[in-house]
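The values are calculated or read from the model by the stated rules, or taken from the named source; none is laboratory data. Treat the numbers as computed from the prediction; the structure is a model and nothing was measured. No Cβ is skipped: glycine too gets one built from the backbone with ideal geometry, and neighbour counts run over all protein chains shown.
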Amino acid sequence: MDVNTGFDFSQGECCAFWYFGTPTAVKVPRVGPATLTTFFIQCFAAFVCSPPNSQLTLRFETSKGDTLTLLGYAPNLGTSTSNGSTFELAVEGVWSVTSPSIGRFAHYVGSGTFSFLLAQPFGSIGGSEHVTLAGTLEPN
């Protein structure tokens, strides 16, 4: 899967940053047409999380209400860059099927790798995301 989506806003504090994804219509193998919503977290305070890590939740919901949830994890904070007008964050990690996957996806299994690129123009509350997933996904 290779998809472009976005996030509406982000927030942060002393320990973590959260990025709340924009619901996006997608059509992906083994899922079909669905709405994808992402939620990306970076935990960077060693007293809260060890090691500092990045987590990406992908939620696919079909028009019938079937939901597939994937959880991505990277034991690092990725690579951040700035070109003076845009902040970019690139993270690579692994994903697996997780709860709550319901309906026709209730017994799906799968895992693989992901890459995630987030871009946020300075002064903007939102931005874009690019997600690439590789691996296997199938009914159990």
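Observations
- When region 43-62 is filtered for residues that are more than 19 Å from His107 (Cα to Cα), at pLDDT 95 or above and polar (S, T, N, Q), the ones remaining, listed by number, are Asn53, Ser54, Gln55.
- Flag if Phe20 is buried (at least 19 other Cβ atoms within 10 Å of the Cβ) and at pLDDT 95 or above: no
- Region 42-70: number of residues that are within 22 Å of His130 (Cβ to Cβ) and in contact with a helix residue (DSSP H, G or I) (Cβ under 6 Å, 6 or more places away or on another chain): 1
- Evaluation of Gln120 against the conditions (1) under 17 Å from Asn4 (Cβ atoms); (2) in contact with a helix residue (DSSP H, G or I) (Cβ under 7 Å, 6 or more places away or on another chain); (3) polar (S, T, N, Q) shows that the sole unmet condition is (2).
- Number of positions in region 19-42 that are touching a Ser or Thr at 6+ places or on another chain (Cβ under 8 Å) and in contact (Cβ under 8 Å) with a residue 24 or more places away in the chain: 15
- Wholly within region 1-117, strands (runs of 3 or more DSSP E) carrying at least 3 residues that are within 16 Å of the chain's Cα centre (by Cα): 2-12, 16-21, 24-28, 32-43, 53-61, 67-74, 86-102
- Comparison of Ser101, Ser115, Ser82 shows that the only residue that is touching a Phe, Trp or Tyr at 6+ places or on another chain (Cβ under 9 Å) and surrounded by 13 or more Cβ atoms within 10 Å (Cβ to Cβ) is Ser101.
- Annotation: Phe40 fulfils all but one of (1) more than 18 Å from Thr136 (Cβ to Cβ); (2) surrounded by fewer than 16 Cβ atoms within 10 Å (Cβ to Cβ); the unmet one is (2).
- Search result, residues across region 46-72 that are more than 19 Å from Pro139 (Cα to Cα) and surrounded by fewer than 16 Cβ atoms within 10 Å (Cβ to Cβ): Ala46, Phe47, Val48, Ser50, Pro51, Ser63
- For region 118-140, the set of residues classified as of a type in the set (Gly, Ala, Ser), outside any strand (DSSP E or B) and touching a residue at least 40 places away in the same chain (Cβ under 8 Å) consists of Gly126 only.
- Of the residues making up region 88-98, those that are among the hydrophobic types (A, V, I, L, M, F, W, C) and crowded, with 16+ Cβ neighbours inside 10 Å are Leu89, Val91, Trp95, Val97.
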